[in-house]
Amino acid sequence: MIEKIADFFHGFKNKIIETEVLVLEYGVQIEEYANMIINKQLDKEYEENYLTILGYCLRLEDIKQRIFFTFQEAVYAIDLDKLMKNEDSMKLNSIVYILVLNTLISEFKGGKVDEELYQKALNTYKKIEDRKSKENQKYHIYQY
């Protein structure tokens, strides 16, 4: 299953696909992959990663941009994982990006927005950004 998802993303290497085309032509396939992940309960195992990426993409106001850029990031991440032969990262990226895209596509199609989930994602992303900021601040002290 992971290999199928990774191949799905990798098939879009060097291609630009518009949000509407992605949703119309590949939305059902993305949903099927997401359901397979959920059925195997892998969504629970990678929940923090999922929330982080979802929180990251929620910075963009426009849902079309969220889907477009998240998909492009997924393609790039999988391509890099394949080049580096990093199986663990490929598994993580395949699972997380399919779940995030499925959530975004559901919203795009007019599905209900789970405000609680989105707030949880934003909080998770903010915690990571705050941690990075503290790390960066530590290094800036040594530069003066």
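For the chain, give the percent of accessible area contributed by carbon and sulfur heavy atoms, probe 1.4 Å, rounded to a whole number. The partial results should precede the final answer.
Details: 4600 of 9140 Å².
Carbon and sulfur: 50 percent of the exposed surface of the chain.
Rolling a 1.4 Å probe over the protein heavy atoms gives the chain an accessible area of 63 Å² per residue. Across the protein chains, with a 1.4 Å probe defining accessible surface, the residues SER94, SER133, SER89 rank SER133, SER89, SER94 from largest area downward. Taking 0.36 nm per residue of sequence separation and removing the Cα-Cα distance, the GLU31/LYS120 pair yields an extension gain of 29.9 nm.
The residue among ILE98, ILE63, ILE78 whose Cα reaches farthest toward the positive pole of the charge dipole of the chain, with charges on the beta-carbon of Lys, Arg, Asp and Glu, is ILE78.
The values are calculated or read from the model by the stated rules, or taken from the named source; none is laboratory data. Source: prediction; values computed, not measured. Ideal geometry is used to build each Cβ from the backbone, glycine not excepted, and the neighbour counts take in all protein chains shown. Please note that ligands, DNA and RNA were not included when accessible areas were found on the heavy atoms of the full protein model with its side chains. Shrake-Rupley method; radii C 1.70, N 1.55, O 1.52, S 1.80 Å.
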